[in-house]
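The numbers here are math on the coordinates, done by the rules we state, and not lab data. This structure is a prediction, so every number in the text was calculated from the model and none was measured. All Cβ positions, glycine included, derive from the backbone under ideal geometry; neighbour counts span all protein chains shown.
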Amino acid sequence: MKRILLLCLLVAAPLLARADLRVFATVPEWGALVKEIGGPHVSVYTATHALQDPHRIEARPSLLAQARRADLLVATGADLEAGWLPLVQRDSGNAAIQSGRPGYFEAAAVVRLRDVPAVLDRAQGDIHAAGNPHLHLDPYNVLKVGEALAARMGELDPAQAADYQAGFRAFAERWQAAIGRWEKLAAPLRGVPVLVHHQSFVYLTHWLGMREVGMLEPKPGIEPTSGHLTALLARLQAQPAKMVLVAAYNRDGPSQWIASRSGLPMVLLPYTVGGTPAAGDLFALYDDTLQRLLQALQ
Amino acid sequence: MIRSSSRVLAAVSTLVSLPAVAGETELQVLRAEIEQLKVAYEQRIAALEARVQSAEQARSAPAAEPPAEQRAAAAPASGFNPEVSLILQGQYKNMKDVAERSITGFASTAGHNHGDGIEGVSKRGFSVEHSELVLAANIDPYWRGQAIIAVQDGDAEVEEAWFQSLAIGHGIGLKGGRFRSGIGYLNEQHPHAWDFADAPLMYQALFGEEGRYKQDGLQLKWLAPTPMFLEFGAELGRGADFPGSERNKNGAGAGAVFAHIGDDVGIEHSWRAGVSYLRTRASERESRFEDINGLEAAGSFAGRSSTWIADFIWKWAPNGNPSERNFKFQAEYFQRSEKGSLDCYDEQGAGNACDPLAAGERVVSDYRTRQSGWYAQSVYQFLPRWRAGLRYEQLDSGSRNFGANAANLEVDSYRPKKATVMLDYSWSEFSRLRLQYAQDKSMRGLTDNQWTLQYVMSLGAHGAHRF
């Protein structure tokens, strides 16, 4: 009898000890970053995947159920999730993940955002008052977010704080080395003019010194119209571009239309972790992105 | 940029070396002068380019970034103002001229309408619907508040005014004030979020013309800590809305309970199912009847009303990305039973069957009904801005037992039906134009072909929509 009890305890012990930090990440990039930092101490639920337009997510029942059980909510912020996250937070009945609590982490709060609009007017499209929220495509931003995130994870789970710090340092070291490699690799991309579907690559193009000379959407968040695309095509005569950048979640109709008429290569970028089969983690996301850009340049 | 300017520099240096090899002839002198001019200009251009480049670098350099604290300090005190949004809705409607619309076989909720104004659902031609002004904000770290004021023609109505808990935790959510009840699926949705221009017959029969049940009271919800969505809720309220009635009493006039379950299937499908129960008490609930001779009779109901609602929603989007194409199926079923007494009288003094001599007599009888109905609808977004929808609905007037008043009142037995198709176009998520056609057989002996052209616009900080 004693033996059986002991056996039960042995089996149950790892289950009881697995008091993981439960993390609800709104987008794949932060889910991946939490895994890099937290390793075995965290269980991560990623609310969306790379083929979903991050602006157009619905507050599905499954998201509520997951948010209910989370210790830490990692969001991009800057209104990227404005269409669904506030509802999920409030209806989850989870006090820990409400805005302003330590269990709510916003990546946009720790980096400087680009394209902060001077005038807030919906006539300018679906603009974000705080600035462009697609900040994870600048590797230096990832580093800043990672540092703040590791500190926050330590705050919520003090027992593992040292491990989170160590996890971040190890990640940062590899990431710095990778940045050096990427920047050397991407040198030919400097000054290359590109068209984009949506303003989702602002941080990437700034980092690499590429120039955005046109956007397929007439205004941010407004679906491309044939009139706008025709005008864009005409403008290419005076202001040529080298390629059209599309995120994995964008509908490829408009970019194909431009590509077939202008002869420009259409470059599908993973945009976030999981956007292409190769982009399995944050490193692979950048590797694959650069490889696709360089390939299109040739 | 570096590459192009180094090319310019190389060109400049070749040009600079040119005059050195120039000969002595006049032509060569002229050429040299031209070259010198060229060189001068090239150099100026190069210098300008270098300036532009350095300016660009300064702008993007991390060293020039202002610290985050500085940005935060810039927000003025008015930043504390609530999120404000305004919903503009209006329509053009083409349909038959029916003075007082009602659903045959179901208690008419409108009561008497002796004013000259034509109300809500009976309006034909151009009309502006309620404009909803929404104010919402976090009150403090513990509570959030929201008010919706519906405004129309010298008439402002508090549609919703509630507070909601943020900090109780354990999956518990508490709401208090006036709010749309959590029963059913469509009930919590505002008209601007509806997929059709009007509420289903089911909701009109259950809760009256506006097609929603609102509580003045308290709502408690609990979300289970399970991987699958499992939510339970209970409400207590004043119960002044149909099927209840205004009353002068302590205690609660209405109570509701509901349970929801939902999940995803793969990455493309998600669903929610629910069951709800609403119980209200009414005293002197007025409605309009027709007597056996076709004259108008007033009936006042006292008793209790129990409603069951079952709902199911299923959504699909390719790759789980609804921005391009998506599909939504939604269906609800109800069953209502009412038990109490009916007081029949003659308000008009027309000498109806309850009061043949118009002497102010009243006939009080038993009143028992058991009625049901359902609707099912699908909406498909087939292109990024276009959606098409189809709705079919049917009610059953079921059993209506008026006791002694059965001899005085016409007891209709009827199955109202309605079929609706719609097509809408959205410029953005904030503006929508909808064309709808409905064949409405909700009144016995009348087939009404209704055309509606409706717009829905939302201004300002527009909040998130429910699933």
Worksheet item: Taking only Cα atoms, what is the 0 to 90° angle, nearest 10, from helix A:253-262's long axis to the longest principal axis of chain A?
Response: 40
Discussion item. Among the listed pairs A:K219/B:K315; B:K123/B:K418; B:K221/B:K417, which have their C-alpha atoms separated by more than 23 angstrom in this model?
Written reply: A:K219/B:K315; B:K221/B:K417
Worksheet item: What is the mean projected area of the alpha carbon convex hull for the protein assembly as shown, to one decimal in square nanometres?
Response: 45.2
Discussion item. Only counting other Cβ atoms within 10 Å, I'd like B:F329, B:F334 sorted with the fewest neighbours first.
Written reply: B:F329, B:F334
Worksheet entry | Size of charge dipole - segment A:186-297 - debye, nearest 20, with Cβ of Lys, Arg +1 and Asp, Glu -1, no other charges | 400
Worksheet item: Quick one: net charge of A:R152's neighbours, Cβ under 12 Å, K/R +1, D/E -1?
Response: -4
Worksheet item: With a ≥ b ≥ c the root eigenvalues of the C-alpha gyration tensor of segment A:22-100, is it rounded (a/c under 1.5), prolate (a/b larger than b/c) or oblate?
Response: oblate
Discussion item. I'd like the distance between the alpha-carbon centres of segment B:121-193 and segment B:328-376, rounded to an integer number of Å.
Written reply: 30
Worksheet item: What ³J(HN,Hα) values, in whole Hz, does the Karplus curve 6.51 cos²θ - 1.76 cosθ + 1.60 give for segment A:151-161 when θ = phi - 60°, with x put for Gly and Pro?
Response: 5, 5, 4, x, 5, 7, 9, x, 4, 9, 3
Practice prompt. Over segment A:35-124, calculate the relative contact order: mean separation of alpha carbon pairs under 8 Å at least 6 apart, over the residue count, as a percent.
Written response: 26
Fill in: Dipole magnitude of the protein assembly as shown, debye to nearest 20 (Cβ charges: Lys/Arg +1, Asp/Glu -1, about Cα centre)
1880
Response to the item:
For B:L295 and B:F329, extending 7 Å from Cα along the Cα-Cβ vector and measuring point to point gives, in nm, a value of 5.2
Discussion item. Can you tally the net charge around B:D366? Count Lys and Arg as +1, Asp and Glu as -1, for every other residue whose Cβ sits under 12 Å from the Cβ of B:D366.
Written reply: +1
Worksheet item: Tell me, B:S300, B:S341 in order of fewest to most beta-carbon neighbours within 10 Å?
Response: B:S341, B:S300
Worksheet item: So what is the relative contact order of segment A:163-245, in percent, for Cα pairs below 8 Å that sit 6 or more residues apart?
Response: 30
Worksheet item: Okay, helix-only estimate at 222 nm for chain A: each DSSP H run of n ≥ 4 adds -39500 (n - 2.57), divide by all residues, round to 500 deg cm²/dmol; what do you get?
Response: -14000 deg cm²/dmol
Worksheet item: Mind checking the angle between helix A:2-17 and chain A's longest principal axis? C-alpha axes, 0 to 90 degrees, to the nearest 10.
Response: 30
Discussion item. Let me confirm one metric for peptide B:352-361, namely the mean number of other chain beta-carbon atoms within 10 Å of its residues' beta-carbons.
Written reply: 0
Worksheet item: With θ set to phi - 60° and the Karplus curve 6.51 cos²θ - 1.76 cosθ + 1.60, what are the ³J(HN,Hα) couplings of segment B:168-184 in order, to the nearest whole Hz, using x for Gly and Pro?
Response: 6, x, 6, x, 8, x, 10, 10, x, x, 9, 8, 6, 5, x, 6, x
Worksheet entry | Per principal axis, descending, Cα span of segment A:186-297 in whole Å | 38, 26, 22
Response to the item:
Fewest-first ordering of B:V128, B:V134 by Cβ atoms within 10 Å yields B:V128, B:V134
Worksheet item: Among A:D288, A:D252, A:D138, whose mean-square fluctuation peaks in a Gaussian network model of chain A (Cα, cutoff 10 Å)?
Response: A:D252
Response to the item:
Phi-derived 3J(HN,Hα) across segment B:135-149 with the Karplus relation (6.51, -1.76, 1.60, θ = phi - 60°), rounded Hz, x for Gly and Pro, is 10, 8, 6, 6, 7, 7, x, 9, 9, 10, x, 8, 10, 10, 9
Discussion item. Taking loop as defined by DSSP and a crowding limit of 12 other beta carbons within 10 Å, which GluC sites (Glu not before Pro) in segment B:320-369 fit?
Written reply: B:E361
Worksheet item: In whole Å, how far is the Cα centre of segment B:266-283 from that of segment A:138-194?
Response: 45
Fill in: Mean Cα-pair separation over length for segment A:186-297, i.e. relative contact order, pairs under 8 Å, 6 or more apart, %
24
Worksheet item: Between A:T230, A:T26, A:T46, which gets the highest mean-square fluctuation from a Gaussian network model of chain A, Cα cutoff 10 Å?
Response: A:T230
Response to the item:
Restricting to aspartates and glutamates and to Cα separations under 13 Å from B:K96, and discarding same-chain partners fewer than 8 apart, the set is B:D440, B:D448
Worksheet item: Once you sort the root eigenvalues of the Cα gyration tensor of segment A:93-166 as a ≥ b ≥ c, which label holds: rounded (a/c under 1.5), prolate (a/b larger than b/c) or oblate (the other case)?
Response: oblate
Worksheet item: For helix A:282-297, what angle does its Cα long axis make with the longest principal axis of chain A, in degrees from 0 to 90 and rounded to 10?
Response: 10
Worksheet, complete the sentence: Between A:L120 and B:W308, Cβ-based FRET efficiency (R0 51 Å, step 0.05) works out to 0.60
Practice prompt. Obtain the nm distance between the two label points defined at A:Q237 and B:L86 by a simple spin-label model: each point lies 7 Å from its Cα along the Cα-to-C-beta direction.
Written response: 4.4
Worksheet item: What is the average number of partner chain Cβ atoms found within 10 Å of a Cβ in A:77-89?
Response: 2
Fill in: Overall form of segment A:241-298 per C-alpha gyration tensor (a/c, 1.5; a/b vs b/c)
oblate
